[in-house]
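The values are calculated or read from the model by the stated rules, or taken from the named source; none is laboratory data. What you are looking at is a predicted structure, and each value in this text was computed from that prediction instead of being measured. Methodologically, a virtual Cβ is constructed for each residue, glycine included, from the backbone with ideal geometry; neighbour enumeration extends over all protein chains shown. The accessibility values were calculated without ligands, DNA or RNA, using every heavy atom of the protein model including side chains. Shrake-Rupley method; radii C 1.70, N 1.55, O 1.52, S 1.80 Å.
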Amino acid sequence: MRTIIQLSDLHFGSILEPTLEPLIEVMWSLKPDLVIVSGDLTQRAKREQFQAAQRYVARMPTPRIVVPGNHDIPLYNVFRRFVRPLARYTKYISDDLAPSFVDEEVAVVAINSARSFTFKGGALGKRQVGVAVSTLQRAAPDAARIVVSHHPFDIPVGLSGVTVVKGVEHAMREFAECGVDLFLAGHLHLIHQASAGKYVPGYNATILQTGTATSARAREEPNSFFVLRVGRESIEVDVRQWSAARSQFEVSETRVLPR
């Protein structure tokens, strides 16, 4: 069994400060085999925000998979946005925009969905998907297969102003062929679960999106992150939510997802 932590939307520059130290403490106590940070490490992609994010991420357990989000691309600096959109991200966080982690039990691939030409939305390019599929195909037959992006694969009913990641239909068909079990994302600052069967009939992989771990801009629900325990037949997911009264992240529920 493997233990994986997924957190998202740190948003340095708009931080709920009391969450920072308890999050680091509980992450180390869980002894994860992998930590996933699924984008939006900064609020406005400013140098000092990336420097703060760099220092914080460096304190997390390893190994780590980190991908950028739309907030990690400059918004108001037009030159940087369109010519060097991820220059600060690659300088301070990672120059690997397609990170992966593969062992005999899990195969996790991440895709950079952030784009300069959209302020909120993202995209999964066909070449990116092809690289991810190639990695997953080489994994052990029984390994759990997990795909990570910042932008969502599904939107809760009634939530306006956001869209699913562009290219999701093609991506889902490709990922169904290589047996992906779970899709992880962030962006929405909301916990949400859905089935990939809406894209590929009969394909019952789970789409799971976590809330924001440390941002002060929550959507009327506590800050949160996921702890995944990946077994041979199922994936147990502890939803850990911030308790301001007790200054800690507590398990609010456990979901069992079939492989």
Q) When the accessible area of the chain is computed with all protein chains present and a 1.4 Å probe, what percentage of it is carbon and sulfur? A) 50
(Q) At 1.4 Å probe radius, can you tell me the per residue accessible area of the stretch 97-184 in Å²? (A) 44
Q: Quick one: order Asp181, Asp95 from most to least accessible surface, probe 1.4 Å.
A: Asp95, Asp181
**Q.** Where GluC sites (Glu not before Pro) fall in DSSP loop in the stretch 100-201, at most 11 other Cβ within 10 Å
**A.** Glu104
Q. Long-range amide H contacts for Arg2: which residues qualify at under 5 Å (H placed 1.01 Å from N, peptide plane, sequence gap of 5 or more or a different chain)?
A. Val230
Q. Taking the structure as given and computing mean projected area of the Cα convex hull in nm², which label from [x] 14.7; [y] 12.6; [z] 19.7 fits?
A. [y]
**Q.** the stretch 107-201, Rg to Rh (Cα coordinates; Rh as Kirkwood inverse mean 1/r)
**A.** 0.95
Q: For the chain, give the share of DSSP beta bridges that are antiparallel, in percent and rounded to the nearest 5; count only bridges with both residues there.
A: 60
Q: Output the pairs from Lys46/Lys166; Lys91/Lys126; Lys31/Lys166 with a Cα-Cα distance over 30 Å in this structure; if there are none, say none.
A: Lys31/Lys166
